[in-house]
Each structure stands twice: as C-alpha cells, then as structure tokens.
Amino acid sequence: MDRIKVEQLKKYYGPFRGLEEATFSVKEGEIFGFVGPNGAGKTTLIRLLLGLINPTSGQAQIDGYSPWNEAVEIYKEVGYLPSEAFFFPEMKVNDVIAFYRDMRKANQDRVELLCQRFDLDRTKRIRELSFGNRKKLGIVIAMMHEPKLLILDEPTTGLDPLMQQAFLDLLLEERKKGATVFLSSHILSEVEKICDRVALIREGVVSHVYDMKEINLLHQRKISVRPEIQGTLIPGLTPLEKTEEGMSYSYEGEIAPLLAFLAKQQISDITIRESSLEEMFMHFYQKEDPDHV
Amino acid sequence: MFDSVLFALEFRRSQKSLWIWTLAIAATMVMVILLYPMVKDMYSAIPPEYEDFLAAFGGLPNNILEYYATEGAMMLQLFGGMYAAIEGYGAINRDDREKTVETLFTLPRRREQVFATKLLRALTNITIFSLVNYVLSVLSFVILKESIDQGIFLAFNALNLLMYVIIAVLTFSIAGISKATPKNGIAIAVPIVMYILFVFSSMTNNEWLEKLQYLTPFTFADPVVLIKEGGSVEGISLLVYGALSLGLLTLAYFRFQKREFTI
C-alpha cells in the first residue's frame, strides 16, 4: 500500500522554479530517502505534501487524503520535522513540549523517554537553545505521538555524531513498529545506512527512484594502483585520475575477471574498495550534466 | 470552532505586550484625570481669542468628564487604536515573523479553527485593555471625589471598545488575506491614517472634506460629540466600518484556508 503518492507535481513561485516535476510513491513501512543538493526542491516538495503551499499543477495524496483539501486528516497521522524547526522563543522548552503534547494528546511516558534519549535540557528558553538543541526538540515533538508517517527535512543537520546515531537508531525502531519514514537529506551516508529506497532530485526534477538493494548491486569499486596499468583495460574498468605514483580507476562488473586482469599486471601496491553512495551520486550528476562539479 | 489549548498558548504569549500597553496607557489616563484640579484653574486664564482655535479640539471643558473627553480620551483612542491594530495583525503575522508556521500549522487543527481562536484571543486582550482602562479611570474620578454621568462614560467606553474591535478585525483580516510576511508596519499605519482623517475632517470647514469623517471609525466613537456635546452615535461611520470589517473578515476567513506559508 502506498502511503504517499505524488504525480507530476509542480510548483512555481511566480517565475521562479520551486519544483519542476515529481512523480513517485512511498510504500507503507519503508524508509524512503529523498536526496538532492541544496536548492533542488526538497523542502518545496515537503511543504506541498503538508499543504503549506499550493501546487501549480499535479497531484499528491497521503493515505488517500489531499494535502490541500483534507490536511487535518493527514496531520493526525504525521510527525513533521522542518529543516529549521522554530518554536516560541520566549517560552521554556518544557512548556513548549507540554503545548504540543496537549495538542497531540501524546503520552507523557513517551515524551519522557524521547527527552531522555536525546538528552534535552527542558529548563532553558527556546531563544537560548543552539541550532542542534532546537533540532532535538523538533525531533521529540515530531515523534511524541508515535505517528504512522514521519516526514523529516534534513533531520540530522546540526546534531552531533552521537545524537545522529541515536536518531537513526530510533528511526529503525519506528520502522520495525510499522511507521513509514520520508527522509529528505543531502547526507548520503545516513541515507545509505537506513533507507529502503531513495529518490534523487536535481534542479526541481525527481529523476530516479532506486531500491537500495539495487544500488548495492550496482555499486562500483574504486581501485587505486601503483604504478599505472599499462596496455588495454578490460571492459568495465575506467581510469579516474592520476595519483602521485599511480592511477585510480572505477570498475563495474564481476570481481573474478578484474582479479585475473590485475594478477597479470606489474603492480607494487593496490587498494580496492566499494564506491560510497556519495561517489555514485556524484558520478550520476556528472553523467547527467558534464558541467556540474 | 475554538481550540482551548491553542487559545491558552496564544493568550499566555500575549500577556507581556497586553500589560505593557494597558498599564502604560492606563497610567497616562489616570495622570491626566488626576491633573484636573490644576488644569481647571488654567482654563479660566485662557484668553477668549484662543477659544475659537480650541473649539476645533472640543472647546473648553465645563466639568471633569468634558475635560476627559477633550484632553484624555483622544489619546486613549489613538494609542488604544494602535494597540488594537497590532493585536489584530500580530495574531496572524507573529507566526510568519517568528517562523513558527511550519510547526504550528501542521498540528491536527483545521485552519478555520486556528483563525477563529487567534481572533478570539486578540479580541479578549482588547477587551481586557478596555476594561482596565475603564476601571482605573472611574477610580481616578472617585479619588478626586468628582461625580460623573456613569451612563455616558460607560456608553463612550463601550463604543470605544467597539472601535478597537473594528480596527483589530480590519488588521487581522488584512494579515489573513495578504501573503505571509515578517513585516508588521502596516498594523501601525492603519489607525494612524484613520486618526489623521478624523482630526482633519473635524478641523475643516469644507463641506466635501468634512465627509472624510465617514471614512474613519474614530468618528462614531468621538468623545467630544458623545460626552461633551451629548450627541448621538454617528451612524454612517459605524455602518461603513461595521460592514467593511465584516466583509474583510469573511474574505480573510476563506482566503486563510488556502494561504501559503512560505516563510
């Protein structure tokens, strides 16, 4: 069953592009990564999904409800964390939490648990909080009512590595309990760690949706050798760049022919590793637009 | 229709501004009233040639209530009108300004519920502002042992409150209709322009310019007419602004359902 369904969604702010074209769906119980560089249209898409802005054209549904006509039905089941979560600056953290708890009719035990887990100082005023602590508060508020769908915009930005890990662990736990997660990010390592599927957005266009298993199968290998390989390369092996005393290559294909080929070379040193998702996406972006660096 | 949790939050958040405005203006009004015994003697010393000029501002007062109407009430109306405008506009604009729209408007509440709750909260504050000012003014009259026509004073305060409500509804509607913006200068501009129109139409002898009085809600709550001259409520101004505020509020109600939050 699809929890989120987006069809040919477009948003322009006057002459300015917010989102050019998005078509995809998010299945129940999956963690769906939404990846793209800054300004690609990630936040615009999320605001459209939540009915905060109106589309220029196209359709979207969350659990069968329209974000622009039946938003309240969506809000009941959604926990939302904006990329920059702002709260009432003069109020104390504890009072802000109490307000959202009452509005959401959330369980106090769950609130306590989340506050402990994210080590939230509840005595401070919002205006005294750092960006990271505001983010932690945003996470507690987004998750306090145990929503069936989490929409998270750049959720780990500003969190220290320990908190990032705690947050990613929590997302995996929520998925186990049946929650669906829509996660916008430009930090590919976290997408790689937890997502089931990932959509790529660039310049307002959602161009590809990949299953992470499929991506793992597609994974290139990155090979650094010293000195440079002489002669003809085997298919799938592509030179990348010269290093100090050798050369680096990318390789796509079965490992056995590569090993057989390398065994015949006069090599004094070699490193073979899998390309990260980040390197793959950079490769993808460069393939789409050769001028893109 | 209203949400009690949201109301409590909004009410709590507005307390500081409510009491700063209320106590500052109430203290000024109390001071103006308590100065009456001294000012009374000064009036008798004013040369007759100045009386024509003073007539444009209500003329010389014959008792403490007339003194209140000519010297105090206009100040109360201008600053109270500014407070009402800020309350109305700020009820919606504050979330734009503080960028809390994303965390507030994704809560499971209908937009019309949020709209109604915010308006109710703004009107509650304006009522508290008016009540405190009314009570402290009455107490000041009591301290001076001056007897006043309580009926007229109450009627003026009720009409004055109605004027505040209309101003607040106007600026609230403007905020609801317009695009999200962190700026709130327009809120102050509304009552100031209305007040200038009121003063200008009161001072002029030109038949056409006098008609400007119908374009300002200060006319139907004119303290000089109501208290000093014992006149009746100026119906056209009340009707114009009653209809305008209700019309704009209705428009804002529907526009707010589709308002974009892009801050």
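Every read-out reported here was derived from the displayed coordinates using simple, explicitly stated rules and does not represent laboratory data. Quick caveat, the model's predicted, so the values are computed rather than measured. FYI the Cβ positions are ideal-geometry reconstructions off the backbone, even for glycines, and counts take in every protein chain you see.
Quick notes on this one:
- All positions within the range B:90-99 that are closer than 17 Å to residue B:11 by Cβ and not in a helix (DSSP H, G or I): B:98
Residues are listed down the side, and each one gets a yes or a no for (1) surrounded by 12 or more Cβ atoms within 10 Å (Cβ to Cβ); (2) small (Gly, Ala, Ser); (3) assigned to a loop (DSSP other than H, G, I, E, B); (4) under 27 Å from the mean Cα position of the chain (by Cα):
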residue: A:190; (1), (2), (3), (4): yes, no, no, yes
residue: A:193; (1), (2), (3), (4): yes, no, no, yes
residue: A:198; (1), (2), (3), (4): yes, no, no, yes
residue: A:207; (1), (2), (3), (4): yes, yes, no, yes
residue: A:210; (1), (2), (3), (4): yes, no, no, yes
residue: A:222; (1), (2), (3), (4): yes, no, no, yes
residue: A:225; (1), (2), (3), (4): yes, no, no, no
residue: A:230; (1), (2), (3), (4): no, no, yes, no
residue: A:234; (1), (2), (3), (4): yes, no, yes, no
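- Selection count, the range B:1-19, where residues are over 18 Å from residue B:161 (Cα atoms), free of Cβ contacts under 8 Å to residues at least 12 places away in the same chain, among the hydrophobic types (A, V, I, L, M, F, W, C) and surrounded by fewer than 19 Cβ atoms within 10 Å (Cβ to Cβ): 2
- Test result for residue A:154, more than 14 Å from every other protein chain (Cβ to nearest Cβ) and either buried (at least 19 other Cβ atoms within 10 Å of the Cβ) or more than 28 Å from residue A:35 (Cβ to Cβ) (or both): no
- Each residue in the range B:156-184 was checked for being out of contact with any Gly (no Cβ under 9 Å at 6 or more places or on another chain) and among the hydroxyl-bearing types (Ser, Thr, Tyr), and 2 pass.
- Helices (runs of 4 or more DSSP H) (entirely within the range A:38-105) containing at least 1 residues that are within 7 Å of another protein chain (Cβ to nearest Cβ) and closer than 23 Å to residue B:6 by Cβ: A:71-77, A:93-104
- Filter pass, residue A:116 being more than 26 Å from the chain's Cα centre (by Cα), surrounded by fewer than 21 Cβ atoms within 10 Å (Cβ to Cβ), without any contact (Cβ under 8 Å) to a residue 24 or more places away in the chain and away from chain B (no Cβ under 14 Å): no
- Taking the range A:135-153 as the range and being among the charged types (D, E, K, R), in contact with a helix residue (DSSP H, G or I) (Cβ under 8 Å, 6 or more places away or on another chain) and closer than 19 Å to residue A:50 by Cβ as the test, the residues that pass are A:146, A:148, A:153.
- Unmet criterion (only one of (1) under 30 Å from residue A:151 (Cα atoms); (2) part of a helix (DSSP H, G or I); (3) touching a residue at least 12 places away in the same chain (Cβ under 8 Å)) for residue B:109: (2)
The rows are residues; the columns are (1) touching a residue at least 24 places away in the same chain (Cβ under 8 Å); (2) of a type outside the set (Val, Ile, Thr).
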site	(1), (2)
A:2	yes, yes
A:9	yes, yes
A:26	yes, no
A:29	yes, yes
A:33	yes, yes
A:40	yes, yes
A:43	yes, no
A:51	no, yes
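- All positions within the range A:18-37 that are more than 14 Å from chain B (Cβ to nearest Cβ), touching a helix residue (DSSP H, G or I) at 6+ places or on another chain (Cβ under 9 Å) and not in a loop (DSSP other than H, G, I, E, B): A:22, A:31, A:33, A:34, A:35
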